[in-house]
Amino acid sequence: MATILCLETATTNCSVGLSLDGKLISLKEDNTKGYSHAEKLHLFIQDVLKDAGKTLQDLDAIAISKGPGSYTGLRIGVSAAKGLCFSLNIPMISVPTLDLLVHQLKNEPGMKIAMLDARRMEVYAAVFSEDLNQVRDTNAEILGESSFAEYLQKSKVHFIGNGVAKFREIISSENAVFHEQKFPSASEMAEIAESKYKKSDTEDVAYFEPYYLKDFMIG
């Protein structure tokens, strides 16, 4: 039964969760405009531990959203995770940020595409099957009227993330279902992190770097 601290800082959502045996037992997050991670992340960590009646010494691992996303946000989250892992001598688990987004659609039928805003008409996007298996590599994609047409021509496709709003303006397909202003959250990390922990699917803390994909998205 693992106690895992989950950190999500890849977007404006500063999100911290605590999981026990794959179940979320405490969550604190703030998605105010702009990035508050530097000021709030460590306070949120203290809050979720206190709320659950746990201490840092009770932790078995730290899970971190690995990207893509905001360069600044990812750096803050990973630095915090590394510091805790080193000081507590516990493993670090990384979870792809777009996986956290798409897991919010786990009960929706059809294909699913998670997309994060990467400024202008570009998004970081990944394509998933109905049962949440990734079927296309994560890309930095410039959106156009024909984007994702190969999926939209076949069936319903659910689009989720803060990159959805600008895609909705240029696409006209009855098969497109939009879930706007959704952000990755530590609330979706518990089950994934627990599964990775059981398989010892962990990172080398000293050498781990976030998956920036492109590092121009400065938060």
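The values are calculated or read from the model by the stated rules, or taken from the named source; none is laboratory data. Bear in mind that the values here come from a model prediction, so they are computed numbers and not experimental data. All Cβ positions, glycine included, derive from the backbone under ideal geometry; neighbour counts span all protein chains shown.
Per-residue answers, yes or no, for (1) more than 25 Å from Ala206 (Cβ to Cβ); (2) within 19 Å of the chain's Cα centre (by Cα); (3) in a helix (DSSP H, G or I); (4) not assigned by TED's automatic domain parsing to the domain that holds Gly163:
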position: Leu7; (1), (2), (3), (4): no, yes, no, yes
position: Leu24; (1), (2), (3), (4): yes, yes, no, yes
position: Lys28; (1), (2), (3), (4): yes, yes, no, yes
position: Leu41; (1), (2), (3), (4): no, yes, yes, yes
position: Asp47; (1), (2), (3), (4): yes, no, yes, yes
position: Ile62; (1), (2), (3), (4): no, yes, no, yes
position: Gly73; (1), (2), (3), (4): no, yes, yes, yes
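You will find that of Val177, Val135, the residue that is assigned to a strand (DSSP E or B), in contact (Cβ under 8 Å) with a residue 40 or more places away in the chain and either surrounded by fewer than 21 Cβ atoms within 10 Å (Cβ to Cβ) or among the hydroxyl-bearing types (Ser, Thr, Tyr) (or both) is Val177 and no other.
A count restricted to the range 14-35 and to residues that are in contact (Cβ under 8 Å) with a residue 24 or more places away in the chain, in contact with a strand residue (DSSP E or B) (Cβ under 6 Å, 6 or more places away or on another chain) and surrounded by 18 or more Cβ atoms within 10 Å (Cβ to Cβ) stands at 10. For the range 44-59, the condition of being closer than 20 Å to Glu209 by Cα and touching a strand residue (DSSP E or B) at 6+ places or on another chain (Cβ under 6 Å) holds for none of the residues. Against the list (1) part of a helix (DSSP H, G or I); (2) in contact with a helix residue (DSSP H, G or I) (Cβ under 7 Å, 6 or more places away or on another chain); (3) of a type in the set (Gly, Ala, Ser), the condition Ser19 fails is (1). For the range 139-160, a residue qualifies if it is touching a Pro at 6+ places or on another chain (Cβ under 8 Å) and within 15 Å of Lys112 (Cβ to Cβ), and exactly one does: Lys156. Pull up the range 1-13, narrow it to residues that are buried (at least 24 other Cβ atoms within 10 Å of the Cβ) and hydroxyl-bearing (Ser, Thr, Tyr), then point me to the one that is farthest from Ser187 (Cα to Cα). Of everything passing the filter in the range 1-13, Thr11 is farthest from Ser187 (Cα to Cα). When you go through (1) under 15 Å from the mean Cα position of the chain (by Cα); (2) in a loop (DSSP other than H, G, I, E, B); (3) buried (at least 19 other Cβ atoms within 10 Å of the Cβ) one by one for Tyr211, which number turns out not to apply? Failing condition for Tyr211: (3). Within the range 12-23, being aliphatic (A, V, I, L, M) and within 20 Å of His37 (Cβ to Cβ) holds for Val16, Leu18.
Yes or no, residue by residue, for (1) in contact with a strand residue (DSSP E or B) (Cβ under 8 Å, 6 or more places away or on another chain); (2) modelled with pLDDT of 95 or more; (3) at positive phi:
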| position | (1), (2), (3) |
| --- | --- |
| Pro68 | yes, yes, no |
| Tyr71 | no, no, no |
| Ser79 | no, yes, no |
| Ser87 | no, yes, no |
| Val95 | yes, yes, no |
| His103 | no, yes, no |
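Comparison of Val102, Val123 shows that the only residue that is among the aliphatic types (A, V, I, L, M), under 16 Å from the mean Cα position of the chain (by Cα) and more than 16 Å from Ile170 (Cα to Cα) is Val102. Residue under question is Tyr124, and the condition is that it be among the aromatic types (Phe, Trp, Tyr), in the same structural domain as Ser15 (by TED's automatic domain parsing) and either crowded, with 18+ Cβ neighbours inside 10 Å or under 14 Å from Ala10 (Cβ atoms) (or both); does it hold? In short, no.
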